[in-house]
Amino acid sequence: MIPVEGSDSSGFYSLLASLGLALLMVVIIKGYFSLQYSRRWLGLPHRFTSWGRIATVFFERFAYQRKEIENNLIQAGIYNTKLATYYLPAKIALTVVIAILILLFGPRFGISQKNHQLLFIVLGMVAMIVLPDIWLRVLQKKRTFKITQKLPYMIDLMAVCIQTGMTIETAIAYLGNELRSFDRDIAYILRQLDARARIIGMEKALEELQDKVPSPAIHSFAYTLNQSLLYGSSIFEVLMRLSGNLREVSMMELEEKAGKLSAKMSVPLVLFIMFPIVVMITAPSIMRLMTHG
């Protein structure tokens with residue numbers, strides 16, 4: 001290891017702390033312009049003439065709004081909407097706790113200089129702001145994939161219910177209650193679809209479903225139901241055909257992933273098998289030449 005002088009080290013950590021603060025400013029500015037655009041799109045006043053409104057932008061960027069936090073939690077599969085109240089306070093509390101721990105116990109772990117402490121505090125702030133949102137996005141993708149995989153089974157059950165004489169609305173309400181033990185995510189979206197359809201109509205409720213679950217399979221399902229409701233076509237045959245198509249698409253995706261495995265396996269094959277074999281073959285000859293030379 002090459003020793004680094006104290007001034008160079010402090011300058012390096014100051015640079016990292018400055019980069020962390022710059023990242024925070026970029027996030028804040030991005031939130032400012034996104035909120036300005038949203039307000040202009042909604043027709044709301046978007047000029048900020050006081051520090052209080054700027055602070056509002058800050059909190060709306062990192063906490064969003066309660067309704068938006070609830071939607072993010074629901075899309076991640078967390079259906080306890082009361083947790084949205086504690087989302088921002090939890091971020092702030094964890095950031096304060098991290099800062100206090102660094103200031104109190106930092107010297108015990110070699111973090112004694114102020115520049116080092118500032119760096120770790122800034123990194124903790126960035127982590128508490130960014131990581132929870134990243135974690136929610138990961139959960140949202142997992143939930144969407146899970147719903148897409150189990151959607152054909154739900155469509156089959158809906159087709160059977162309709163064949164017995166139920167309407168689309170009745171079948172959705174019935175499956176929303178009966179599928180709780182099978183899959184709580186599908187049961188939840190069906191209950192929400194039924195509740196919204198009673199208020200704004202099935203067509204608008206299906207459009208909202210496409211926004212809440214951004215998946216091509218959900219889009220096909222909503223489009224199929226809308227077309228059947230609009231033109232009065234035979235919904236049973238359409239649902240069975242849609243279920244079969246979704247299964248075929250799922251199988252094609254699995255075949256595509258299986259086809260990519262050979263290309264992915266070539267990298268560890270070259271790194272961990274071919275290179276050691278080449279070294280084992282050539283090393284004795286190279287050592288012999290070096291010895292004789």
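Only the coordinates and a few stated rules stand behind these numbers; no lab work does. For clarity, every value in this text was computed on a predicted model and none was experimentally measured. Don't worry about glycine lacking a Cβ; one is built from the backbone with ideal geometry, like all the others, and counts go over all protein chains shown.
Quick notes on this structure:
- Using the Karplus relation 6.51 cos²θ - 1.76 cosθ + 1.60 with θ = phi - 60°, the per-residue 3J(HN,Hα) values for the stretch 81-91 come to 5, 5, 5, 5, 5, 9, 5, 5, x, 5, 4 Hz, with x marking Gly and Pro.
- With an a/c value under 1.5 for the gyration tensor axes a ≥ b ≥ c computed over the alpha-carbon atoms, the stretch 144-250 is described as rounded.
- Point-charge dipole on Cβ atoms (K/R +1, D/E -1) for the stretch 185-236, about Cα centre, debye to 20: 120 debye
- Phi angles across the stretch 284-292 convert, under the Karplus curve 6.51 cos²θ - 1.76 cosθ + 1.60 with θ = phi - 60°, into 3J(HN,Hα) values of x, 5, 5, 5, 5, 5, 5, 5, 5 Hz, Gly and Pro given as x.
- Magnitude of the charge dipole for the stretch 148-223, about its Cα centre and with charges confined to Cβ atoms of Lys, Arg (+1) and Asp, Glu (-1), is about 160 debye.
- The calculated FRET efficiency for the pair LEU94 and LEU271, based on their C-beta separation and a Förster distance of 51 Å, comes to about 0.85.
- Rel. contact order, % - alpha carbon contacts under 8 angstrom, at least six apart, the stretch 144-250: 32 percent
- Ignoring lysines fewer than eight residues from LYS260 along the same chain, the ones with Cα atoms less than 30 angstrom from its Cα are LYS141, LYS142, LYS146, LYS150.
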